[in-house]
Amino acid sequence: MKLIVGLGNIGPRYEKTRHNTGFMVVDRFAKEHGLSFDKEKFEAQLAQGFVAGEKVLVAKPTTYMNESGRAVRKLMDFYDIDLEDVIIAYDDMDLACGRLRLRQRGSAGGHNGIKSLIAHLGTQNFNRLRVGIDHPKQMKVVDWVLGRFTPEQTVALEPGLKEATAALDHWLKTADFAQTMNEYNRSK
């Protein structure tokens, strides 16, 4: 079983904010594969099904961003999912809006959701699908990430979300994250 987790904050107040880009990725992935977020357990909304012959669990933690790791740890433990079978989709201010970057390890880089994951998983070595949201020029970081995309950013984000779901499909079809990184980290 593969676990695909999108990071974000639950509730209408946070819908379509930059910090909910991970939720946007998994929502699109689930929709493209006819999966519904129809269960809630272990502090996460869950969608489940088969994609490319692989059983897939798609999760959106309901813990808010700063405690995302708690939900992911519970899901991994209950479903007995190995760390290499997990991928985390989330926003990244250090990438241009809509730009993807896949990594197998790294620091939190100031991202509170990733800090929580590192704390609860006990390692920095896990698969990541980062989607760019641009960096604020003259705004506090918290206001930026909890703000909504500008019309121009919305246009730039759309191909990034499409490419993110394609990268998830590639990972599921090949079962090889390194190969998926090589394919989707190329300069566009």
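Each row is one residue, and each column tells you yes or no for (1) modelled with pLDDT of 90 or more; (2) touching a strand residue (DSSP E or B) at 6+ places or on another chain (Cβ under 9 Å).
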{"site": "117", "(1), (2)": "yes, yes"}
{"site": "120", "(1), (2)": "yes, no"}
{"site": "124", "(1), (2)": "yes, no"}
{"site": "130", "(1), (2)": "yes, yes"}
{"site": "139", "(1), (2)": "no, no"}
{"site": "162", "(1), (2)": "yes, no"}
{"site": "165", "(1), (2)": "yes, no"}
{"site": "176", "(1), (2)": "yes, no"}
{"site": "187", "(1), (2)": "no, no"}
| message | Any residue that is touching a residue at least 60 places away in the same chain (Cβ under 8 Å), open to solvent by 60 Å² or more (accessible area, probe 1.4 Å), within 23 Å of residue 14 (Cα to Cα) and not in a helix (DSSP H, G or I) - is there at least one of those in region 125-144? | response | no
| field | Residue among 54, 32, 67, 43 that alone is charged (D, E, K, R), under 11 Å from residue 4 (Cβ atoms) and in contact with a helix residue (DSSP H, G or I) (Cβ under 8 Å, 6 or more places away or on another chain) | value | 54
| said: Would you confirm whether or not region 110-123 contains a residue that is surrounded by fewer than 13 Cβ atoms within 10 Å (Cβ to Cβ), assigned to a helix (DSSP H, G or I) and of a type outside the set (Asp, Glu)? | reply: no
| field | The lone exception for residue 107 - which of (1) touching a Lys or Arg at 6+ places or on another chain (Cβ under 8 Å); (2) among the polar types (S, T, N, Q); (3) not in a helix (DSSP H, G or I) it fails | value | (1)
| request: Report whether or not residue 53 is at pLDDT below 95, more than 16 Å from the chain's Cα centre (by Cα) and either among the aliphatic types (A, V, I, L, M) or surrounded by fewer than 20 Cβ atoms within 10 Å (Cβ to Cβ) (or both). | output: yes
| note | Every listed condition ((1) of a type in the set (Ser, Thr, Tyr); (2) under 14 Å from the mean Cα position of the chain (by Cα); (3) open to solvent by 10 Å² or more (accessible area, probe 1.4 Å)) holds for residue 68 save (3)
| task | Return a yes/no flag: does region 27-40 have any residue that is in contact (Cβ under 8 Å) with a residue 60 or more places away in the chain and either open to solvent by less than 50 Å² (accessible area, probe 1.4 Å) or among the basic types (Lys, Arg) (or both). | result | yes
| Counting only residues that are surrounded by fewer than 14 Cβ atoms within 10 Å (Cβ to Cβ), in a loop (DSSP other than H, G, I, E, B) and in contact (Cβ under 8 Å) with a residue 60 or more places away in the chain, how many does region 81-103 have? | 1
| query | Is there a residue in region 96-108 that is touching an Asp or Glu at 6+ places or on another chain (Cβ under 7 Å) and among the basic types (Lys, Arg)? | reply | yes
| request: Go through the residues of region 164-184 one by one and say whether even a single one is assigned to a loop (DSSP other than H, G, I, E, B) and more than 20 Å from residue 2 (Cβ to Cβ). | output: no
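The values are calculated or read from the model by the stated rules, or taken from the named source; none is laboratory data. Just so it is clear, the structure is predicted and the values come from calculations on it, not from any experiment. For neighbour counting, all protein chains shown are included, and Cβ atoms are generated from backbone atoms with ideal geometry for every residue, glycine included. The accessibility values were calculated without ligands, DNA or RNA, using every heavy atom of the protein model including side chains. Shrake-Rupley method; radii C 1.70, N 1.55, O 1.52, S 1.80 Å.
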